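Here the structure comes first, spelled out in C-alpha cells, and everything after it is commentary.
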Amino acid sequence: APEPEDRRFAERQIGSARSVGSEQLTGTERPIGSERLRGTERRSLDLESLIGRYGTLALASLTILLGAGAFLSWAIAHGKIGPGLRVALGALGAAAVAVVGWRLRTRGSVRFGSTLLALALALVHVDAWGAGPYLHLVASPVALSVAAAASVALAVLAWVNDEEALFSVGVGGALVAP
C-alpha cells in the first residue's frame with residue numbers, strides 16, 4: 001500500500017493535471033502508481049508460454065541426459081572407461097549438477113535450480129543402477145538404497161519448501177528405485 005505522503009502527492013499531481021489550461025483528463029490516462037497495480041494482475045497461461053517455460057526446460061534436461069549417455073556409451077564400447085571409473089564419473093557428475101542446482105536455488109532461480117536437482121536425482125538413479133544390478137560393483141540392495149535415499153532427500157527438500165513438482169519428482173524417483 002502506498003504511504004499517505006505518496007498518495008497525497010499523486011492526488012495533487014492528478015488534480016493539477018486536471019486544472020492545467022483547458023486540458024481535461026479523458027479517462028484513458030492512468031493515474032500515477034497504476035503501473036504498480038497492473039503487475040499484480042493474474043496472467044493467463046497460453047500454449048506458447050507453457051512450452052516456453054516448461055517444454056524447453058524439459059527438452060534441455062533430456063538433451064543433457066542423452067548427450068551424456070551417448071558419450072558414455074561410446075567411451076565404454078571403445079574400452080576407454082572401465083566399470084569403476086564409470087560409476088565414479090556418474091557420481092561426480094550427479095554431485096556437480098546438484099551443486100549447481102543448489103547454488104541457483106539459493107541465488108533466487110528456484111525453478112532452474114530445482115530442475116537441476118531433479119536431473120541430479122536422475123543421474124544418481126542411473127549411476128546406482130549401473131553400480132548395482134548392471135555392473136555388480138556393489139550389492140544391488142545397497143545401490144538401490146542409495147537411489148531411494150537420494151529420492152527421499154529431494155522429496156523432503158521439496159516438501160519443506162512447498163514445491164509440488166519437485167516433490168513429485170522425488171517421490172516418483174523413490175518409487176522407481178526399487
Checklist entry - Are any residues in the stretch 43-72 within 25 Å of residue 93 (Cα to Cα), among the hydroxyl-bearing types (Ser, Thr, Tyr) and open to solvent by 60 Å² or more (accessible area, probe 1.4 Å), and if so, which ones? => result 54, 56, 63
Next on the checklist: Please verify whether residue 138 is more than 16 Å from the chain's Cα centre (by Cα) and either within 18 Å of residue 93 (Cα to Cα) or in a helix (DSSP H, G or I) (or both), treating the condition exactly as stated.
Outcome noted: no
Checklist entry - Does at least one position in the stretch 104-115 carry a residue that is open to solvent by 40 Å² or more (accessible area, probe 1.4 Å), within 20 Å of residue 175 (Cα to Cα) and modelled with pLDDT of 90 or more? => result no
Next on the checklist: Looking only at the stretch 143-167, count every residue that is under 13 Å from residue 123 (Cα atoms) and part of a loop (DSSP other than H, G, I, E, B) and tell me the total.
Outcome noted: 0
Checklist entry - How about the stretch 123-135: which of its residues are touching a residue at least 24 places away in the same chain (Cβ under 8 Å), of a type in the set (A, V, I, L, M, F, W, C) and assigned to a helix (DSSP H, G or I)? => result 123, 124, 126, 128, 131
Checklist entry - Given the residues 69, 52, 93, which is the only one that is more than 20 Å from the chain's Cα centre (by Cα) and assigned to a helix (DSSP H, G or I)? => result 69
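The values are calculated or read from the model by the stated rules, or taken from the named source; none is laboratory data. Since this is a predicted model, take the numbers as computed values, not measurements. Here Cβ is always computed from backbone atoms with ideal geometry, including for glycine, and neighbour counts include all displayed protein chains. Quick note on the areas: whole protein, heavy atoms, side chains included, nothing else; ligands and nucleic acids left out. Shrake-Rupley method; radii C 1.70, N 1.55, O 1.52, S 1.80 Å.
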